[in-house]
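**Student:** Just dropping this structure here.
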Amino acid sequence: ASFLLLCFRTSLVTPLILGLLLQPPLTQLSISTQPNIVLLMADDLGIGDVGCYGNDTIRTPNIDRLAKEGVKLTQHIAAAPLCTPSRAAFLTGRYPLRSGMDAINNYRVIFWNGGSGGLPPNETTFAKILQQQGYSTGLIGKWHQGVNCESRNDHCHHPLNHGFDYFYGMPFTLISDCQPTETPEMDRVFRRKLWVYTQMIGLVTLTAALGRLTGLISVRWKMLTCLAGFSLLFFISWFSSYGFVRYWNCIMMRNHEVTEQPMVTDRTTSLILKESISFIERNKHKPFLLFLSFLHSHTPLLTTEKFLGRSSHGLYGDNVEEMDWMVGQVLDAVDKEGLKNTTLVYFASDHGGWLERQEGKRQLGGWNGIYRGGKAMGGWEGGIRVPGIFRWPGVLPAGTVIDEPTSLMDIYPTVVHLAGGVLPQDRVVDGRDLMPLLRGTVEHSEHEFLFHYCGIHLHAVRWHQKDSGAIWKAHYVTPVFRPLGAGACYDRGFCPCFGEGVTHHDPPLLFDLLRDPSEAKPLSADTEPLFDTVIRKIGRAIEEHRSTLTPVPEQLSLYNAVWKPWLQPCCGTFPFCWCDKEGDN
């Protein structure tokens, strides 16, 4: 009997052992070893600009291949509709409001390399945790999270102070001022006002001087001297910063060293690609994190001659197609080193496309597909719904589409858990680990509510009602589009967050995003039986959310935003800042 019992147990245990041994090795890999992580982030790319999200005129075969071989998210949401706050949330897994990286004024992004605001040193990025877990961490491309706090070389906001072992790229962001042939973009309206004021003061001074010389005006020479001195000081006060934007902001750095000031835009693309591939090759024998933060597709749309005129969407389309080619080159480098099956690749944009960015009849901003609004609009889907694609062969099911609400903030806990790290316990982390959703072990996203801010102002809230599957969105504030009937703020160039350029809604505008993803038909108590219930539920969620917010220093305050000569990165002796360390000389 004991022999028969032993045989019976053996017959049960043997298949179990064989089943475990025959499990696909990559599924075990995903649990027991640290994958390489490649994060690819486009700049200002609209969700409607990518082939796998419905664009059939701009060619993006490499991004489309990622989606075919991996998981595509259709409701991937940025935490902010502009670069600086969105990227701060991405790096920290927290709403930018929590780190002081959302604006209380109209300066909604880092404005100068020589400003004092930036990602606070006490924030813990995913790069810092992965660095502690033994990863080689590199950032190639755009940073836009500040550089210095109190002195030119303290580098308190610099990538190397936030967990990156290696940095090559722009500490700022690409702007049209970086291209001498383009119309200046930075603070264009304010700059025009300063120039007009300067001319008015100069005209008054000149008129007074001529009047004194001709005897028509009785004014003392001392008064004229003071007036002339004030005129000169006023001009110097603003022209010393705005007159040299290309030298102060358009620079390239390698780690702490300025390598190009100003940057040589003709070779920027090739250098960023070369640095990215080199980082992969140098670190192929240990786990690495590569964050490739593209300068594409932000104006002035730096595009090499090879891609000019190739698309049917002008310079913008050419630029997007070149970025897609760069994505392909990075994927080829991963494959060449035999790392494809041990590397998680992620592609996204930092926010929606810039609808108002035009020069004459040229459209230089992106397209957001069927979604209303765009860049700088905190509530409308076009400003915050972005591409989101993951690929990890053998671990994530290929060709999968997920329609659940997810956030760019979710990358933080996802990569931290994959690296074997632990989330900070002393602060609120708003992101959620996406691996269970991506692998199909759970059906729904962990996000019940997502809060959509414009600066520090709450514009909209999304509620994922899991029992019914409905996704409700309530808008409390919306921008006023100009001209009337247009789909953006073409009169301003950017939609504001507050003031006379917005409309407050009480009761809020309510949309069912599953039935009306374009947010074209607001619901009411007359047309939607659940209207009052939904609004009350979202109202309670807002109260609960606000109870988790604590006061922090405002990194984008007016003082932090202004240019400070003593903080300006400089590769020479200030103010003689000029160098080209990448060139032949």
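The values are calculated or read from the model by the stated rules, or taken from the named source; none is laboratory data. For clarity, every value in this text was computed on a predicted model and none was experimentally measured. Cβ sites come from the backbone with ideal geometry, for glycine too, and all protein chains shown count toward neighbours. Side chains included, ligands, DNA and RNA excluded: accessible areas come from the protein's heavy atoms. Shrake-Rupley method; radii C 1.70, N 1.55, O 1.52, S 1.80 Å.
**Student:** Every residue in segment 502-515 that is open to solvent by 20 Å² or more (accessible area, probe 1.4 Å) and either touching a Pro at 6+ places or on another chain (Cβ under 7 Å) or not in a strand (DSSP E or B) (or both), please.
**Tutor:** Passing the criteria: LEU509, LEU514, ARG515.
**Student:** Go through segment 473-496 residue by residue and tally those that are among the hydrophobic types (A, V, I, L, M, F, W, C), out of contact with any Lys or Arg (no Cβ under 7 Å at 6 or more places or on another chain) and at pLDDT 95 or above.
**Tutor:** Residues meeting the conditions: 6.
**Student:** So is ARG152 open to solvent by 50 Å² or more (accessible area, probe 1.4 Å), of a type in the set (Lys, Arg) and in a helix (DSSP H, G or I) or not?
**Tutor:** The answer is no for ARG152.
**Student:** Separate question: Run down LEU216, LEU203, LEU295, LEU227 and say which single residue is touching a strand residue (DSSP E or B) at 6+ places or on another chain (Cβ under 9 Å) and of a type in the set (A, V, I, L, M).
**Tutor:** LEU295
**Student:** Here is a further query. Taking PHE347 as meeting all but one of (1) open to solvent by 10 Å² or more (accessible area, probe 1.4 Å); (2) among the aromatic types (Phe, Trp, Tyr); (3) in contact with a strand residue (DSSP E or B) (Cβ under 6 Å, 6 or more places away or on another chain), write down the number of the exception.
**Tutor:** (1)
**Student:** A further question follows. If a residue counts only when it is surrounded by fewer than 24 Cβ atoms within 10 Å (Cβ to Cβ), which helices (runs of 4 or more DSSP H) contained entirely in segment 361-473 have at least 2 such residues?
**Tutor:** 411-418, 435-439
**Student:** May I ask you to say which residue of ASP532, ASP526 is without any contact (Cβ under 8 Å) to a residue 12 or more places away in the chain, open to solvent by 70 Å² or more (accessible area, probe 1.4 Å) and in a loop (DSSP other than H, G, I, E, B)?
**Tutor:** Unique residue meeting the criteria: ASP526.
**Student:** For residues that are of a type in the set (Ser, Thr, Tyr) and closer than 25 Å to ILE370 by Cα, tally how many sit in segment 68-106.
**Tutor:** Looking only at that region, the number is 2.
**Student:** Within the bounds of segment 168-188, is there any residue that is assigned to a loop (DSSP other than H, G, I, E, B), surrounded by 14 or more Cβ atoms within 10 Å (Cβ to Cβ), hydrophobic (A, V, I, L, M, F, W, C) and modelled with pLDDT under 85?
**Tutor:** Yes: one or more hits.
**Student:** Can you tell me which residue among SER518, SER547 is open to solvent by less than 50 Å² (accessible area, probe 1.4 Å), among the polar types (S, T, N, Q) and farther than 24 Å from ASN106 by Cα?
**Tutor:** So the residue among SER518, SER547 that is open to solvent by less than 50 Å² (accessible area, probe 1.4 Å), among the polar types (S, T, N, Q) and farther than 24 Å from ASN106 by Cα is SER518.
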